[in-house]
Structures are given as C-alpha cells and as structure tokens.
Amino acid sequence: MKIGVVGLGYVGLVTAGVLSFQGYDVIGIDIDENKINLLKNKRLPIYEPGLSEIIFSDKSKIYFTNSYEDLRDREIIFIAVPTPSVNNEIDLSYVVNASKSISSLNKNCTIVIRSTVVPGTAKKVMGLTNLNVISNPEFMREGNAVYDTLHPDRIVVGGKNAEIVANIWRFTNSPAIITTNENAELIKYASNSFLATKISFINEIANLCEKIPGCDIEIVAKGMGLDPRIGDKFLKAGLGFGGSCFPKDTKAIASFAESLKVELKIVKDAIEVNDERIQHAMEMIKESAANKDISVLGVAFKENTDDVRESRSLLLIKELIKNDYNVSYYDPVVKEEIENAYRCKTAEECIAKNENIVIATEWPLFREYERIMENKIVIDLRRILDHKKIKNYRGVGLGPKS
Ligand code: UDX
C-alpha cells in the first residue's frame with residue numbers, strides 16, 4: 001500500500017517512520033524546506049528518542065519531499081498538520097488547506113485525519129474534497145512516541161471503510177475501536193481532557209496537602225493509585241500540564257461544546273486550576289528563596305523532549321524575570337536562549353551558580369545531582385528529589401513537618 005504523510009512534526013514523523021519501518025512505501029511531505037533538507041541528510045528536525053534509528057534504518061522505505069505532486073500515486077494519505085488554538089478555538093485551516101491540495105492532485109486516495117480535530121471535521125473535509133475521510137487520532141506521548149505508536153493501548157478509527165486503516169495498524173496487535181468519524185474525533189478530546197483533569201485534580205489535592213502538617217501528595221497519590229478504578233498514572237502533582245496537546249485540546253473542546261450550548265464545567269475548571277500553577281509556584285519561591293538569584297533546572301514541557309510549547313517551566317522563568325529575579329537555567333536538550341536569563345552549559349554549573357534551585361521539569365537526570373544540592377535551598381516543583389536528603393527543601397504537595 002502506498003502511503004503519504006502530510007505534516008512532519010512529532011506526530012507525522014513518528015507515523016511515517018513507524019509505517020515505513022513496518023515495510024510500507026511512505027512519502028512524507030512538509031512545506032518547511034529546511035526540515036526536508038535535514039531529513040534528506042538523515043538528520044531529525046526534532047528530538048525524539050528512538051526515532052532516528054527507525055526512520056533512517058535500511059529497512060525503512062521512505063522519501064521526503066516539499067511537493068504535493070509526489071502524492072499523486074498515494075492510496076492512503078495521513079494528515080498530521082497542526083491544529084493550533086486561536087482565541088481558545090481550534091484553527092482548522094492547515095487541515096483544510098492540506099486536504100484541498102491533496103484532492104486537487106489525487107482523486108483516488110483516502111484521507112486519514114491523524115491531527116486532533118473537533119467532531120464534524122472529517123465530514124467537513126469530505127464535503128470539501130469529495131474524498132473518503134477516515135479519522136484515526138493518535139495517542140502518543142512525546143518522548144515515548146515511537147514506543148506508543150508501535151504498542152498503542154488502542155487503535156481508534158472512524159468513518160466509511162475505516163477497517164482499511166485498522167488493518168494498517170494490525171501489526172501492533174492492539175484492540176481496535178471501529179466507529180463513526182465523530183466518535184473517533186471525540187474519543188481523542190475526551191481522553192486528553194480526562195487526563196488533564198486528573199492532573200489538575202491531584203494538583204488541587206497537593207495544594208491541600210501543603211497546608212496539613214504530615215501530609216505528602218506523593219504518598220496520598222500512591223495510596224489512591226493502587227485502586228485500579230483510579231489507576232496510578234497521571235497522578236503526579238507538579239507545575240501543571242503543558243505541551244502541544246493538553247492546553248490546546250482542553251480549550252478547544254470547551255469552546256466547541258459551548259458552540260453547541262453545552263458547558264463542560266469540569267474541563268473548564270481543570271484549565272483554570274492549571275493556569276493557577278505558575279502563581280502558586282511563584283508564591284512558594286518568594287517564601288522560600290534566600291534572595292533573587294535563582295537557578296532553574298529544566299525548560300522542556302516535560303522530560304525526554306526538546307519541546308517547549310506551552311512549557312510551564314518557560315512560563316515560570318518568564319514570570320521570575322518579570323518579578324526581577326536573576327535567572328540562570330539549564331536543560332539537557334533545550335538549547336533555546338531566553339531573553340534576560342543566563343543559559344548554563346551544564347547542570348553542575350547551574351546548581352553551583354546560586355543558593356536557590358528550582359526544579360521545573362521532571363528530567364530523571366536531575367536526581368543524579370541530588371548530592372550536590374544537599375546544602376542548597378531547593379524548591380522542587382516536580383517532586384523528583386528525596387526531600388529527606390536536602391536540608392532546605394520545599395516541594396509541591398509536601399505539608400509542614402508535623
Ligand atoms: C499527551 C497525551 O498523553 C497523548 O496521549 C496525546 O496524544 C498527546 O498529548 P504529551 O503532550 O506528549 O501527550 O505529554 P504527556 O506525557 O501526556 O504530559 C503532558 C503534560 O502533563 C506535561 O507537561 C507533564 O509534565 C504533565 N503531567 C503529566 C503532570 O503534570 N503529571 C502527570 O502525572 C502526568
């Protein structure tokens with residue numbers, strides 16, 4: 001089967017890489033020329049563990065291009081372009097434009113929407129293109145994207161002849177939900193909103209723990225998570241959720257529901273609780289730091305990625321700068337320069353620079369520096385260190401000593 005993938009961001013590249021590694025003939029297209037040049041030279045435009053090994057493997061049959069012309073002979077074309085949030089609403093223009101470009105050249109293919117889109121989008125694209133459109137949302141986490149695509153918990157496909165796409169993913173041996181376009185589209189939003197709500201819920205309980213002597217959110221979450229009805233995943237209290245999906249998707253589904261005169265109160269509260277995390281962290285820092293010279297560990301929106309989209313850490317750094325803090329920062333993969341802050345070359349340099357250390361991203365690597373932080377003032381916003389080992393420790397969800 002001849003496959004095309006439009007949009008070579010995290011989702012498109014991983015989809016294209018995994019399918020070509022499984023033996024499919026894949027053409028990947030992106031409008032960004034730099035990206036295509038990098039890929040043609042066997043270099044990845046993003047950091048994603050394990051992706052380079054599969055996408056540039058001799059086993060993979062994949063061709064990268066800027067030209068929609070190259071999609072003329074494709075039977076199945078995945079669309080994995082961005083669906084950004086504009087004024088809290090989803091902007092579908094990239095999906096619409098990509099679909100129109102495809103249909104102007106290829107009248108025989110099936111379009112598969114892999115981007116996250118509000119219910120009704122597939123039908124809309126069908127109307128615009130006269131092509132069959134199948135919905136196939138992805139559920140991969142950045143940093144684990146290759147593993148998640150090879151071993152997904154489930155495959156969700158929706159629309160007429162959706163089995164064709166379910167069959168493409170059959171090698172994963174994962175259970176498949178074959179349904180309508182609209183159900184498939186909503187499953188993605190409901191899943192992401194639920195996970196985001198779980199995070200905001202545990203962050204609220206963490207706020208409570210901080211007021212109760214002897215309480216620790218880590219123990220409370222562990223005790224909750226052992227109940228299989230609750231589950232232990234996504235119960236890690238911290239600085240809140242960031243990234244390219246949760247912040248955008250929660251807002252998009254809330255405003256989509258509003259357009260249908262339905263209020264998603266819980267989702268809206270989850271967004272509000274998440275928005276408050278930065279101020280909450282600022283208060284912790286103001287109360288605990290010895291002065292205004294501060295070292296921040298982590299810039300990525302979470303561990304194992306170079307992505308800073310909606311990164312809580314980045315927002316916190318900007319807020320610190322706004323409040324006249326002198327910020328030094330370090331991230332193992334993000335090399336972005338932040339205006340009015342100093343980028344350290346190593347974690348050791350960053351820790352040595354100041355008495356006050358803030359942990360803002362949950363990189364497990366930072367645990368290796370626990371010993372050299374023992375005598376510092378540590379504000380652990382991701383609860384990755386052992387609080388008993390640090391003399392001056394303040395952590396999210398950790399109550400006063402009883
Ligand atoms: C998410 C979904 O997990 C994935 O299924 C979907 O397809 C895309 O969106 P991703 O954005 O890559 O994936 O990251 P994820 O691992 O879900 O983390 C999102 C954010 O929540 C991060 O900022 C992370 O730090 C935060 N988080 C996650 C917590 O604060 N606590 C947790 O327990 C889990």
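The values are calculated or read from the model by the stated rules, or taken from the named source; none is laboratory data. Not measured: the values here are computed from a predicted model. Reconstructed Cβ throughout: ideal geometry from the backbone, glycine too, with neighbour counts over all protein chains shown.
Answer with yes or no whether D70 is farther than 26 Å from R141 by Cβ and part of a helix (DSSP H, G or I). In short, yes. Screening S57 against (1) under 23 Å from N173 (Cα atoms); (2) touching a Phe, Trp or Tyr at 6+ places or on another chain (Cβ under 9 Å); (3) in contact (Cβ under 8 Å) with a residue 40 or more places away in the chain leaves a single unmet condition, (3). Looking across the range 188-216, the residues that are of a type in the set (A, V, I, L, M) and either at positive phi or more than 11 Å from the ligand (Cβ to nearest atom) (or both) come down to A190, I205, L208, I212. A residue that is in contact with a helix residue (DSSP H, G or I) (Cβ under 7 Å, 6 or more places away or on another chain), modelled with pLDDT of 95 or more and closer than 21 Å to E263 by Cβ can be found somewhere in the range 198-206. Residues in the range 116-157 that are of a type in the set (S, T, Y), closer than 13 Å to K188 by Cα and within 11 Å of the ligand (Cβ to nearest atom): T116 alone. Residue count for the range 25-50 satisfying the condition of being buried (at least 19 other Cβ atoms within 10 Å of the Cβ) and assigned to a loop (DSSP other than H, G, I, E, B): 2. Checking each residue in the range 56-65 for being at pLDDT below 95 and touching an Asp or Glu at 6+ places or on another chain (Cβ under 9 Å) picks out only K61.
For A190, the stated conditions hold: it is surrounded by fewer than 18 Cβ atoms within 10 Å (Cβ to Cβ), under 23 Å from F301 (Cβ atoms) and of a type in the set (G, A, S).
Contact map, the range 100-116: first residue of a type in the set (G, A, S), second residue more than 16 Å from the ligand (Cβ to nearest atom), Cβ cut-off under 7 Å, separation 6 or more or different chains; pairs are S101/Y68; S103/T129; S103/N130; S103/L131; S115/V95. Within the range 204-216, being in a helix (DSSP H, G or I) and either touching a residue at least 12 places away in the same chain (Cβ under 8 Å) or crowded, with 16+ Cβ neighbours inside 10 Å (or both) holds for E204, I205, A206, N207, C209. Filtering I253, I230, I219 for residues that are more than 30 Å from K2 (Cα to Cα), β-branched (V, I, T), in a loop (DSSP other than H, G, I, E, B) and away from the ligand (no atom under 11 Å from the Cβ) leaves a single hit, I230. A single entry from R343, R371, R394 fulfils the requirement of being in contact with a helix residue (DSSP H, G or I) (Cβ under 6 Å, 6 or more places away or on another chain), among the basic types (K, R) and surrounded by fewer than 22 Cβ atoms within 10 Å (Cβ to Cβ): R394.
In the range 326-336, the count of residues that are in a loop (DSSP other than H, G, I, E, B) and among the basic types (K, R) is one or more.
If the condition is being among the acidic types (D, E) and under 19 Å from the mean Cα position of the chain (by Cα), then the range 46-105 contributes E48, E89, D91. A single member of V296, V308, V334 is within 16 Å of the ligand (Cβ to nearest atom), under 26 Å from the mean Cα position of the chain (by Cα), farther than 27 Å from G50 by Cα and β-branched (V, I, T), and it is V296. Yes or no: E283 more than 15 Å from the ligand (Cβ to nearest atom) and surrounded by fewer than 16 Cβ atoms within 10 Å (Cβ to Cβ)? So E283 fits the description; yes.
Among the residues that make up the range 203-220, is at least one of them small (G, A, S), more than 28 Å from I271 (Cα to Cα) and more than 24 Å from the chain's Cα centre (by Cα)? Scanning the range 203-220, I find at least one residue that is small (G, A, S), more than 28 Å from I271 (Cα to Cα) and more than 24 Å from the chain's Cα centre (by Cα), so the answer is yes. Of the numbered criteria (1) hydroxyl-bearing (S, T, Y); (2) touching a Gly at 6+ places or on another chain (Cβ under 9 Å); (3) assigned to a strand (DSSP E or B), the one T361 fails is (3).
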